[in-house]
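Structure first, commentary second.
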């Protein structure tokens, strides 16, 4: 197991280096200029050229890339052009929101998707199954921004049960900041619950048609034990995979929801950086997000061995 | 329901209850501390269109930056409700020498910076010197400045190489601003070392993409006089003004309707009925606000031909473009005069070609120009949706008149970069916020993309800038506007107004293009 983990970490370093190179090249190849964005619409080409010089953007690309690689080796992601702070600090400031939002929305998605998926498989073809599958189709088809705007309209504007947007006032404590994440977490959780539901149902149906499940039933075991103990554990690998992927995607992929709810998360940071051509933030944030993706995948792979003793590394 | 179904149903129900319980717990305490804080009498929360690129008011002409920083930084002069010049850090309007080359500006005594120090004449000289090196506006003045010096301890003297009437207006602008800052925070032509000004509010905290907190500057020394526009006495009644970036317009609307924000800026015109019908909120329509422009490349390519540009003007139907862009006739006006009716530089007669459009006339002009169907590359951006919609209509109208149009839809950062290359485009869509002084209009700057710099325009602009007498200036402005419509460096699409929304509890607010919150209060 240890050898496997060490090997995966070595592979991760290679992936990170490739990501660093690709992101650097893509960020610079795309047209657009941070100096022009910073100076405003009235700026003349001369003003823009002068600011580019002060920001070091007029250096040859190779020089800029070597400087960037040197920073990465020292675990320094550089300084944001716009935010007036190190990229690491900008990411750290947004990590709490992104972590909480991811956990809450994945939690909601799992709490809805897994039990109903199991129930649906257990009652295959029945009314409950058909209703669940139909609702899952509906939930997967509705874009999260529409769910978000609808939740805002009815629960925040009409009834004032929740805040409309933002991550709380400066003096807000953790509980209050979490209140601001309830509606976005539901908006993100509902479409993802449909995915988890369908994977759970399919995986359970596969497992429940196996001989050992029939044997367990024939032994007279209670149905709940057959489903939850014998079938579910063996059906967990695909479910874990989709939960892992969902979690990874939400770290930087909740952009639309973050925009609708005015949340300063990591996704929002990346989009703003792209629009403003804040190269250090684009590069640093994508590098960190890629590392998290790889780590989540590694965690999911390791969890396979926990839920299924046949898996060995 | 069988045993397993019931048990699994119970598990699902339990999960739902757990989620609901979490939400209920959260919900149960929501209404007390958070609402009380956000609606508290001492904090006004303002939803803006996004995160400002910087909080340094000198180096950028961004409107969003100036909306926030005008609370922190002050200039020597400002504008009153009639867009006339008024003193701010200065104690009076400048004394101008008979030859129009020397401006003596008396300073108010007892003005303090946010760090507690008193403004000295050296700070003012250093600030003005910094402005000529760091500000896009100051740089246009720099070649004309002979010297900036102190006169005793309470006045500065700006000596010019030649008369330049717009100087005082440039010194009064709140973006690309000649902000008065301590000499110690100036660090060459780059950004200020720290954000210390003399305004009624000072910076407490800036969390990018989350909030900017400005708190009352207790030692603020206000100018005298009845408040009018940006001029007159300023009182920071509200303890804290909090600017929150909310890029999604629908969220800004919902937030102000729900009472989370006391003011929301730049809202879609179609939300006006919703705001009107809502309790506790009122719409704010800002007139004048701005004008969309189709800027043409007068330097290189097919648009360098004046007749082709005249054909563009003849081909475009501004009403259609305005309605497509903004949707509601209450927010637009087909106005050709660069300055709208009711402002000092309004002139309808010289803007007559604006309304003189016909596809047939455009086709004749194209024929006379020798146009051979070269594609007209028009850049536009969906980031400003109203401009994008206008450009779509323009494309159709131009094609009807015989143009071949290559509409290039770009993101705004790409457009800003590409427009610097005169070989890469023929026209682009942008908008201009209202500016009180005509010489501040970007199209008149020969360095601004579009590069309008004909000998006649150069001469007319120089004469306008030399003229100190207001009545004579108006006549010279009419000459410039006449040239604008004969040489057609750009097409002014018309006037558009800004919709904002304000809580009923916010009192004393004056609608302006750059909303400010001194002299406002919150009813409890």
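The values are calculated or read from the model by the stated rules, or taken from the named source; none is laboratory data. Keep in mind that this is a model prediction, so the values were computed, not measured. So basically every Cβ, Gly included, is an ideal-geometry build from the backbone, and we count neighbours across all protein chains shown.
Data table
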{"read-out": "Residue within the range A:201-219 that is facing another protein chain (nearest Cβ under 10 Å), over 22 Å from the mean Cα position of the chain (by Cα) and assigned to a loop (DSSP other than H, G, I, E, B) present", "value": "no"}
{"read-out": "Lone qualifier among A:112, A:142, A:48 - being in contact with a helix residue (DSSP H, G or I) (Cβ under 8 Å, 6 or more places away or on another chain) and closer than 30 Å to residue B:138 by Cβ", "value": "A:48"}
{"read-out": "Qualifying positions in the range B:196-210 - modelled with pLDDT under 95 and either assigned to a loop (DSSP other than H, G, I, E, B) or crowded, with 22+ Cβ neighbours inside 10 Å (or both)", "value": "B:208, B:209, B:210"}
{"read-out": "Some residue of the range B:47-62 being at pLDDT below 95 and out of contact with any helix residue (DSSP H, G or I) (no Cβ under 9 Å at 6 or more places or on another chain)", "value": "no"}
{"read-out": "Residue list for the range A:112-131, filter: part of a helix (DSSP H, G or I), free of Cβ contacts under 8 Å to residues at least 24 places away in the same chain and within 9 Å of chain B (Cβ to nearest Cβ)", "value": "A:115, A:119, A:128"}
{"read-out": "All positions within the range B:369-391 that are part of a helix (DSSP H, G or I) and within 12 Å of chain A (Cβ to nearest Cβ)", "value": "B:387"}
{"read-out": "Unique match (being within 20 Å of the chain's Cα centre (by Cα), within 27 Å of residue B:275 (Cα to Cα) and within 8 Å of chain B (Cβ to nearest Cβ)) among A:156, A:165, A:160, A:187", "value": "A:165"}
{"read-out": "Cβ pairs under 6 Å, 6+ apart, first in the range A:163-174 and at positive phi, second in a loop (DSSP other than H, G, I, E, B)", "value": "A:166/A:262"}
{"read-out": "Which numbered condition residue B:335 misses (of (1) farther than 28 Å from residue B:273 by Cα; (2) part of a loop (DSSP other than H, G, I, E, B); (3) touching a strand residue (DSSP E or B) at 6+ places or on another chain (Cβ under 7 Å))", "value": "(1)"}
{"read-out": "Meets criteria (modelled with pLDDT of 90 or more and more than 30 Å from residue B:245 (Cβ to Cβ)) for residue A:204", "value": "yes"}
{"read-out": "Residue that is nearest to residue B:247 (Cα to Cα) [pool: residues in the range B:392-434 that are without any contact (Cβ under 8 Å) to a residue 40 or more places away in the chain and more than 14 Å from every other protein chain (Cβ to nearest Cβ)]", "value": "B:407"}
{"read-out": "Residue in the range A:255-278 that is more than 14 Å from chain B (Cβ to nearest Cβ), crowded, with 19+ Cβ neighbours inside 10 Å and in contact (Cβ under 8 Å) with a residue 40 or more places away in the chain present", "value": "no"}
{"read-out": "Helices (runs of 4 or more DSSP H) completely within the range B:219-324 that count 1 or more residues being over 24 Å from residue B:444 (Cα atoms)", "value": "B:249-257, B:272-277"}
{"read-out": "Within the range A:34-74, tally of residues that are touching a strand residue (DSSP E or B) at 6+ places or on another chain (Cβ under 7 Å) and more than 14 Å from every other protein chain (Cβ to nearest Cβ)", "value": "0"}
{"read-out": "Qualifying residues in the range A:75-92 (those that are touching a residue at least 60 places away in the same chain (Cβ under 8 Å) and at the interface with chain B (Cβ under 10 Å from one of its Cβ atoms)) - the one nearest to residue A:20 (Cα to Cα)", "value": "A:80"}
{"read-out": "Given (1) under 19 Å from residue B:522 (Cβ atoms); (2) surrounded by fewer than 17 Cβ atoms within 10 Å (Cβ to Cβ); (3) more than 11 Å from chain A (Cβ to nearest Cβ), number of the condition residue B:233 does not satisfy", "value": "(1)"}
{"read-out": "Every residue from the range B:53-63 that is at the interface with chain A (Cβ under 9 Å from one of its Cβ atoms) and either in contact (Cβ under 8 Å) with a residue 60 or more places away in the chain or crowded, with 22+ Cβ neighbours inside 10 Å (or both)", "value": "B:54, B:55, B:59, B:60, B:61, B:62, B:63"}
{"read-out": "Residue match in the range A:218-237 (condition: surrounded by 24 or more Cβ atoms within 10 Å (Cβ to Cβ) and at positive phi)", "value": "no"}
{"read-out": "Odd one out for residue B:354 among (1) surrounded by 22 or more Cβ atoms within 10 Å (Cβ to Cβ); (2) closer than 17 Å to residue B:490 by Cα; (3) touching a strand residue (DSSP E or B) at 6+ places or on another chain (Cβ under 6 Å)", "value": "(3)"}
{"read-out": "Exclusive hit being in contact with a helix residue (DSSP H, G or I) (Cβ under 6 Å, 6 or more places away or on another chain), free of Cβ contacts under 8 Å to residues at least 40 places away in the same chain and closer than 27 Å to residue A:255 by Cβ, set A:207, A:157, A:182, A:213", "value": "A:157"}
